[in-house]
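The values are calculated or read from the model by the stated rules, or taken from the named source; none is laboratory data. These figures come from a predicted structure and were not determined experimentally. Cβ placement follows ideal geometry from the backbone for every residue including glycine, while neighbour counts extend to all protein chains displayed. Areas reflect the complete protein model, heavy atoms only, side chains present, ligands, DNA and RNA absent. Shrake-Rupley method; radii C 1.70, N 1.55, O 1.52, S 1.80 Å.
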Amino acid sequence: MVWTRGAVNRAVLGVLGVGLLGAGLWLVGGDLGVASRLPSWWPADGTGFVLLDRAGLARLRGTGWWTPVVMTAASLLTVLFVYWALSQIHSGRTRPLALPSPGATVHPHTLAGALSARVAQLPGVARCRARVLPRGGTRLDVGLRIWLEPGTPPDAVLPGLTALVAEAEAAAPCTTRTRIRLSSTSHRTPQVR
């Protein structure tokens, strides 16, 4: 199984969310007003339970390492989470790709539109949506979502599609990884109401 960056981010966010939800529910269950209404299987602590009592907290604060460690850890976690959150934001604008000719560039959106138009001209293809994503300037991820005309088998389209993808990969300015997803359009006829 290949883990993509988005899948790892979703998994980490899911685990963090479930952990924080569980901690919040456990803390809410410790409230005396709520604890009486919880089911019998809910893990409840005795009255007056605290995670760290005043004497324990004063003892930790009295040591020379406690405050700097807590402040450093909190600051590092905050910086890491802010960096992670900012790295998830995509501006929607990508830099143009440099072509082999000096000074020539092409925008990934333009390249995706041209590739989509070329694939849509293949016999048996109803429509196509292409996506071109540059990955670090050394690789292009190309995604093709192709809808076939009703009754067209995928093996009828594959030879022309393979030749077109090979041509596009040869013309690309860097290595290319292409993913193709085929679907068929339905035979439904429009109904009048």
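One line per residue, one yes/no per condition, for (1) exposed (fewer than 12 other Cβ atoms within 10 Å of the Cβ); (2) modelled with pLDDT under 85:
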{"site": "72", "(1), (2)": "yes, no"}
{"site": "99", "(1), (2)": "no, yes"}
{"site": "110", "(1), (2)": "no, no"}
{"site": "114", "(1), (2)": "no, no"}
{"site": "129", "(1), (2)": "no, no"}
{"site": "137", "(1), (2)": "yes, yes"}
{"site": "147", "(1), (2)": "no, no"}
For segment 145-156 the number of residues that are assigned to a helix (DSSP H, G or I) and within 10 Å of residue 182 (Cα to Cα) is 1
Subset of segment 116-127 (residues that are of a type in the set (S, T, N, Q) and either part of a strand (DSSP E or B) or surrounded by 13 or more Cβ atoms within 10 Å (Cβ to Cβ) (or both))
116
When you scan segment 152-168, how many residues do you find that are of a type outside the set (Val, Ile, Thr) and open to solvent by less than 70 Å² (accessible area, probe 1.4 Å)?
9
